[in-house]
1. Report the full-extension gain for the segment LEU124 to THR38: residue separation times 0.36 nm, less the Cα-Cα distance, to one decimal in nm.
2. As an exercise, use a Förster radius of 45 Å and the Cβ-Cβ distance of ARG146 and ALA85 to find the FRET efficiency, rounded to the nearest 0.05.
3. Highest first, please rank the peptides 14-26, 33-45 by the mean number of other Cβ atoms sitting within 10 Å of their residues.
4. If r is the Cβ-Cβ distance from SER240 to ARG95 and R0 is 45 Å, what FRET efficiency results, to the nearest 0.05?
5. Which order, highest average first, do 74-80, 89-95 follow once you tally other Cβ atoms within 10 Å for each residue and take the mean per peptide?
6. Placing +1 at every Lys and Arg Cβ and -1 at every Asp and Glu Cβ, with all other atoms neutral, what dipole size does the chain have around its Cα centre, in debye to the nearest 20?
7. So, by mean Cβ neighbours within 10 angstrom, what's the order for 46-58, 132-144 with the highest one leading?
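Please treat every number below as a calculation from the coordinates, not as lab data. Worth saying up front: this structure is predicted, and the values here are computed from it rather than measured. Quick reminder, even Gly has a Cβ in these numbers, built from the backbone with ideal geometry, and neighbours come from all protein chains shown.
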Amino acid sequence: MARHGALFLLFFLSGISGLIYESIWSRYIRQFVGSAATAQVLVLSLFMGGMALGALLVARKLARVRRPVRVYGLIEGGIGLYALAFPWLSAGVMRLCYDTIFPALGGGALIGAVKWSMAGLLILPPCVLLGMTFPLMSAGILRSDRARSGEILSFLYFTNSIGAALGALLSGFLLVGQLGLPGTLACAAALNLAIAGVALAQGGEHPPITGEPAAAGAADRRAGLVRLLLLVSFGTGLSSFMYEIGWIRLLSMIIGSA
């Protein structure tokens, strides 16, 4: 595991920046739509849904990627550049909506639909990119150390998750108060760009892992088990984020701040 320490560190830092983004996007979207609670739900839904889409998209191409860590670096760089541009993009979209689109619509439910659609489009692209990072990083490590796949995947999830927890704390209790929303985004973007620089400097080529084809009966049984496990995983994700939304609302009522 020690020989992959630099890559685990990169993924830890990626977790920090990712949750900083989620926290800050919620505040920007709240300014746009006027509701803290619904902005949090929208951002969380798009954050996780976009990541799921990104993972699906990259999975379809991953077998042909020979340098997944370098591609990971490009993705991290793209996230950082988008974060630097986000304050201007957000301000431009708000001006377009409130100065041009909303007056032309005249009122009604259509304004709400446009407002939520535009807010969603603002944060969907980086969420899709964020979803590509885990498959790429895991492929980059697993292809050079397949025998320890379970340990590697577990530690990748741990490093990214603990980084995410730290990012949420830093954003909520330190960075916003010291740097403001644009400054906090710039701080997270700088982290992404640094990650990109280190990842792009990684050498070596890691050809895709291929296995022996299974017999027909074994393949059918394995496919059935995989579908069952995916269904269980889907249900686990569904329930866990129901809990998160419920806990956010409950704690908001207790401490008086969303």
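1. Contour length minus the Cα-Cα distance gives 29.3 nm.
2. The calculated FRET efficiency here is 0.70.
3. Numbers: 14-26: 24.8, 33-45: 17.1.
The packing order, highest mean first, is 14-26, 33-45.
4. Numbers: r = 37 Å, r/R0 = 0.83.
It comes to 0.75.
5. Working: 74-80: 23.0, 89-95: 15.3.
Answer by packing, highest mean first, reads 74-80, 89-95.
6. Values: 18 positive and 9 negative charges, 87 e Å.
Dipole about the Cα centre, nearest 20: 420 debye.
7. In descending order of packing, they fall as 132-144, 46-58.
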